Amino acid sequence: MASQYSREVAHRVFAQEFRDSDLSFKDSNDQYSPQYLLTPTGAKINRMFIVGTLTEKEDIGTDAEYWRARVVDPTGAFIIYAGQYQPEAARAIAEVEAPAYIAIVGKPSTFQTEDGNVLTSVRPESVHVVDEATRERWVAETAQRTIERMNNLNSNDPDATKAREHYNTDVSVYKQMLIDALKEQP
Amino acid sequence: MDEKIAPHVDEIIRALGTTNTTVNHAIIKEELTRLIEFKVPPEEAKRSLLKKYGVSEVKKLTDLHGGERDIEITARILDINLKVVGIKGQERTIFMGTMADETGAKSFTAWEDFGLEIGDVVKVNNAYIRLWQGMPEINFGPRSEVEKINSGVLDSLTASDMDKPVPLAELMEGAAAVHTIFRVMEYHQQEINTKNGSRTILTGIAADSTAKLPFTSWEPNPEITDGATVEVKNAYIKSWRGIPTINMGEFTAIARSETDISEDDLAPILDTAPVRLDSISGRMGVFDAVIEGSLISIRPGSGLIIRCPQCSRVIQKSTCRVHGVVEGLYDMRIKSILDDGTGALTVVLDADLTQKVTGYSIEKAKEVAALAMDQTSVEDEMRRRLLGRTMRARGNMTKGEYGTTLVAAEAELTEMDTAAAAIALIEEMGAVPQVFSGEGESP
């Protein structure tokens, strides 16, 4: 049953941790094997679920529509790009008026600049307007999952080991991030 | 010709030699020559001869799969029963039972009388494996060689491992000769029709401290009563609708257990708190699971649908692909992806649960669809209402071709006191350890 289809989990990470991530890889050389982004606390992301505030959006496309949007959580901002290959997400972004709470399911994407910096962004599969309660709950659940990953970071888990070795993760930074994020909860 | 054949003959002899088969060099050479004269390619000819002179593959019972042939196994007969069956109008006596080696137990059918008795350890050559009711079963017949061997060979496995009862959570589909202890949570008598007339069976729910599972007893048994703890030997596990089910048949021993499974023992599994998805995603099927997560996708085909009145297939444009043009029946359903950040699965809601979580009755859904002149407008509206929301669902989880699915028996959208959660999480964070990345440092 090894070949059985299993859906990639939608990971929960805060914008700050996502922005700190720069380790992108595949598990095998097969061209169809999924691309992953490993974060400093060891989330191995092929798909992610974000709920935040859409603050800015701009159609930066020349011929076809190509939307660049900024989605903010308590720790920072996610950059979202949606074009002709994400027609539903692009249409949803086109229709919504900022500011608004939106939920995004999407894939992480990285871009290396000339001076060697890695920029992360999200390619959305779906974008939907949600209410405030959904946003608060996402913050709590994302904090919960982040704490679980930090608790697991000293283990022999391959993702944790890889994250530790690559990022030399300073847990106190992310602890402070979580405390700041949770303190603003109503 | 000779020089060409000689290396092939040597190769065959070598291959056969490794399995302790002694075959005359001259015979192999003669048969191989003959096949090659008949324009059989050498590789194919070699394969035929290897098969003919019996290179059985030595296998352990847990490695057996349906369709395998020429298998050699060594196992102890745990149970054997004579059965008279009609094959092509003739009565034949066959023997069915269970055998086990150090890796596990499997059902077997012997199509001839090999004089086997319980406790015998046998080496079977040229056995073959057939799927019987979805479970691999060892078969041996006229082509097979059955040799009784010194039972000491398998002493290590028998008594100890097989006598230890197995917790319900560890029962795997296809297991035979299962020994387990469970409490009867509920049971029902059921009349079923078989080709030998109607008979009474018992179906119900079994539980121990590790899991809940459905059971079927094909014979009524006085020990099976509500709340009784029973010890069952020689049961077998079959998958029924994707869920492992304990089956007790005519050769299963059911006795009142010496130790009772108490309410306290059951507490962890009767708890209705949702489980993390990564804790169950490795299992093939989970009976009565409670899960909670975000609805991250509402799949196409949700909302208002139309079914064929005869076969219940979802139809489009009043045409069933089996029954042609029909007067369709309206129904509602939701196929959603629920994801808690540790795992994801498909959760299916029926019309009642769809109404419960969306507030849409079928009548209202029809109105909305009629107004928009588009059936999918209902799906869009439901998607708008549900996406990103957190849902708790209860039901059976199964794995199939299309991934993991839970068909909900109960479902509700849940709210969270996020302020209280934030306080609890900040507290939890105090216990998070620092990370030791460099060498030489240690926790």
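The values are calculated or read from the model by the stated rules, or taken from the named source; none is laboratory data. Source: prediction; values computed, not measured. Every residue, glycine as well, gets a Cβ built from its backbone with ideal geometry; the counts of neighbours run over all protein chains shown. With ligands, DNA and RNA removed, areas are computed over all heavy atoms of the protein, side chains included. Shrake-Rupley method; radii C 1.70, N 1.55, O 1.52, S 1.80 Å.
Residues of the range B:295-316 being small (G, A, S) and open to solvent by 60 Å² or more (accessible area, probe 1.4 Å), which ones?
Taking the range B:295-316 first, the residues small (G, A, S) are B:297, B:301-303, B:312.
Matches in the range B:295-316: B:S312 only.
Scanning the range A:105-115 for residues that are open to solvent by 40 Å² or more (accessible area, probe 1.4 Å) and out of contact with any strand residue (DSSP E or B) (no Cβ under 6 Å at 6 or more places or on another chain) yields A:E114, A:D115.
Within the range B:291-308, how many residues are of a type outside the set (A, V, I, L, M, F, W, C) and closer than 21 Å to A:E141 by Cα? I'd like the intermediate steps shown before the answer.
Looking only at the range B:291-308, we keep the residues that are of a type outside the set (A, V, I, L, M, F, W, C), and these are B:292-294, B:297, B:299-303, B:307.
Imposing the further condition that a residue be closer than 21 Å to A:E141 by Cα reduces the set to B:292-294, B:297.
Summing the residues that are of a type outside the set (A, V, I, L, M, F, W, C) and closer than 21 Å to A:E141 by Cα in the range B:291-308 gives 4.
With respect to A:K162, is the statement that it is among the basic types (K, R), in a helix (DSSP H, G or I) and free of Cβ contacts under 8 Å to residues at least 60 places away in the same chain true?
On the way: among the basic types (K, R): yes; in a helix (DSSP H, G or I): yes; free of Cβ contacts under 8 Å to residues at least 60 places away in the same chain: no.
Taking the combined requirement at face value, the residue does not satisfy it.
B:D264 - would you say it is farther than 21 Å from B:R389 by Cβ and either away from every other protein chain (no Cβ under 14 Å) or in contact with a strand residue (DSSP E or B) (Cβ under 8 Å, 6 or more places away or on another chain) (or both)? Steps first, answer last, please.
On the way: farther than 21 Å from B:R389 by Cβ: yes; either away from every other protein chain (no Cβ under 14 Å) or in contact with a strand residue (DSSP E or B) (Cβ under 8 Å, 6 or more places away or on another chain) (or both): yes.
So B:D264 passes the test.
Restricting attention to the range A:1-32, the residues that are closer than 21 Å to B:D339 by Cβ and more than 11 Å from the chain's Cα centre (by Cα) total 7.
Scan the range B:427-441 residue by residue and report those that are facing chain A (nearest Cβ under 7 Å) and either at pLDDT 90 or above or surrounded by fewer than 19 Cβ atoms within 10 Å (Cβ to Cβ) (or both).
First, the residues of the range B:427-441 that are facing chain A (nearest Cβ under 7 Å): B:428-429, B:432-437.
If the condition is that a residue be facing chain A (nearest Cβ under 7 Å) and either at pLDDT 90 or above or surrounded by fewer than 19 Cβ atoms within 10 Å (Cβ to Cβ) (or both), then B:E428, B:P433, B:Q434, B:F436, B:S437 are the ones that fit.
If you go through the range A:150-159 and keep only what is more than 7 Å from chain B (Cβ to nearest Cβ) and either in contact with a helix residue (DSSP H, G or I) (Cβ under 9 Å, 6 or more places away or on another chain) or touching a residue at least 12 places away in the same chain (Cβ under 8 Å) (or both), you end up with A:N152, A:S155, A:D157, A:D159. Close contacts from the range A:133-149, counting a first residue that is at the interface with another protein chain (Cβ under 7 Å from one of its Cβ atoms) and in contact (Cβ under 8 Å) with a residue 24 or more places away in the chain and a second that is among the acidic types (D, E) and surrounded by 24 or more Cβ atoms within 10 Å (Cβ to Cβ), with Cβ to Cβ under 9 Å and a gap of 6+ residues or different chains, come to A:E141/B:D340; A:R145/B:D340. Evaluated against (1) within 17 Å of the chain's Cα centre (by Cα); (2) within 9 Å of chain B (Cβ to nearest Cβ); (3) exposed (fewer than 15 other Cβ atoms within 10 Å of the Cβ), A:S172 falls short on exactly one condition, (1).
So which strands (runs of 3 or more DSSP E) stay within the range B:185-279 end to end and still have 1 or more residues that are closer than 21 Å to B:A409 by Cα, of a type outside the set (G, A, S) and open to solvent by less than 70 Å² (accessible area, probe 1.4 Å)? Let's see the steps before the verdict.
Working: elements: B:197-207, B:212-217, B:229-240, B:243-248, B:253-256.
By residue number, B:197-207, B:212-217, B:243-248.
Test B:A424 against the criterion of being more than 7 Å from chain A (Cβ to nearest Cβ) and either open to solvent by less than 30 Å² (accessible area, probe 1.4 Å) or closer than 24 Å to A:E8 by Cα (or both), and give yes or no. Walk me through it before giving the result.
Values: more than 7 Å from chain A (Cβ to nearest Cβ): yes; either open to solvent by less than 30 Å² (accessible area, probe 1.4 Å) or closer than 24 Å to A:E8 by Cα (or both): no.
Against the criterion (more than 7 Å from chain A (Cβ to nearest Cβ) and either open to solvent by less than 30 Å² (accessible area, probe 1.4 Å) or closer than 24 Å to A:E8 by Cα (or both)), B:A424 does not qualify.
Hey, could you check the range A:85-104 for residues that are in a helix (DSSP H, G or I) and out of contact with any Ser or Thr (no Cβ under 8 Å at 6 or more places or on another chain) and say which is surrounded by the fewest Cβ atoms within 10 Å (Cβ to Cβ)? Only one residue tops the list, namely A:E95.
If only residues of the range B:340-369 that are within 24 Å of the chain's Cα centre (by Cα) and closer than 14 Å to B:L406 by Cβ are counted, the one that is farthest from the other protein chains (Cβ to nearest Cβ) is B:L349. Checking each residue in the range A:22-59 for being more than 14 Å from chain B (Cβ to nearest Cβ) and in contact with a Ser or Thr (Cβ under 6 Å, 6 or more places away or on another chain) picks out A:S24, A:K26, A:D27, A:L37.
Output the number of residues of the range A:121-132 satisfying the condition of being more than 14 Å from chain B (Cβ to nearest Cβ) and open to solvent by less than 20 Å² (accessible area, probe 1.4 Å). The total comes to 1.
Rundown of residues vs (1) of a type in the set (K, R); (2) under 30 Å from A:I102 (Cβ atoms), yes/no style:
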residue	(1), (2)
B:S281	no, yes
B:F287	no, no
B:V290	no, yes
B:I296	no, yes
B:R299	yes, yes
B:G303	no, yes
B:Q316	no, no
B:R321	yes, no
B:E327	no, no
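Would you confirm, using the coordinates I've provided, whether A:R19 is within 14 Å of chain B (Cβ to nearest Cβ) and surrounded by fewer than 24 Cβ atoms within 10 Å (Cβ to Cβ)?
Working: within 14 Å of chain B (Cβ to nearest Cβ): no; surrounded by fewer than 24 Cβ atoms within 10 Å (Cβ to Cβ): yes.
For A:R19, the condition - within 14 Å of chain B (Cβ to nearest Cβ) and surrounded by fewer than 24 Cβ atoms within 10 Å (Cβ to Cβ) - is not met.
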